[in-house]
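Accompanying notes for the structure given below.
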């Protein structure tokens, strides 16, 4: 019988510290060394390996990636994909490949030798920046991006010349003013084509690409509700 896992929740900090939490015992610990704390190593994203269920990847703002073995409770590998500005915003895995997205909206695919095999722009302009990149749980090749003044887009990384879906901004407000865009996070709803987003303006929206480009559900919450 396999030994119980030491941690069942993992948290990445702004200083690069990786924290493991055990919700059953209400205990936590730093997985990497405090001496290595550095804001340049801020952990921006955490994802599981596509091939190994007991392996997690932690991506930092400086494009450094940590491979952590949950069962053995150790960091197995550390590698640098690149080192550039703007910083890395998100990291995912697809088979043996790693997908990164920078704040400038550039999405890159790396092979298991950490070599760049593909890159494309998610449509970020001078006055916008990418805030999130998410991945479909049903189809690993399908990702979605969004950010400040860049609305939700869905992509297939194997055919990225054109987005599969581009959201359309909601109608003007009651003063006939344009509603600003700020997609902070998103998630594919499992076993459907729908996507839910949250914004920096306290909005939660659901999109159904099969129905229309504008959200099929749009809810706004009070700031302190």
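Read-outs: derived from the displayed coordinates by stated rules, not from any lab. Predicted model only: the values in this text are computed from it and were never measured. Please note: Cβ atoms are built from the backbone with ideal geometry, for glycine as well, and neighbour counts cover all protein chains shown.
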Taking region 149-225 and dividing mean pair separation by its residue count, relative contact order in percent (alpha carbons under 8 Å, at least six apart): 22
Put a dot 7 Å past each Cα toward the Cβ at residue 24 and residue 96; how far apart are the dots in nm? 3.5
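Which peptide among 120-127, 150-157 comes first, and what is the full order, when sorted by highest mean count of other Cβ atoms within 10 Å?
Details: 120-127: 14.1, 150-157: 20.8.
Those peptides, ordered most packed to least, come out 150-157, 120-127.
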What residue among 165, 79, 66 has the largest mean-square fluctuation in a Gaussian network model of the chain, using Cα springs under 10 Å? 79
At q = 0.15, 0.23 Å⁻¹, what base-10 log of I(q)/I(0) does the Debye formula yield for region 1-121 when every alpha carbon is treated as an equal point scatterer in vacuo? -0.67, -1.37
Restricting to Cα pairs under 8 Å and 6 or more apart, the percent relative contact order of region 46-124 works out to 20
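Packing-wise, with mean Cβ within 10 Å as the measure, how do 81-91, 166-176 rank, highest first?
Working: 81-91: 17.2, 166-176: 11.3.
Averaged packing, sorted descending, gives the order 81-91, 166-176.
For region 125-225, take the alpha-carbon Rg, divide it by the Kirkwood Rh, and send me Rg/Rh. Don't skip to the answer; put the middle values down first.
Working: Rg = 13.5 Å, Rh = 14.0 Å.
Rg/Rh: 0.96.
Let me have the relative contact order for the chain, percent, based on Cα pairs under 8 Å that are six or more residues apart.
On the way: 525 pairs, mean separation 20.5, N = 225.
Dividing the mean separation by the residue count of the chain yields 9 percent.
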Give the shape of region 99-147 as rounded, prolate or oblate, defined through the alpha-carbon gyration tensor: a ≥ b ≥ c are the square roots of its eigenvalues, a/c under 1.5 means rounded, and otherwise the shape is prolate if a/b is larger than b/c and oblate if not. oblate
Quote to one decimal, in nm, the extra length available between residue 176 and residue 116 on full extension: 0.36 nm per residue of separation minus the C-alpha distance between them. 17.1 nm
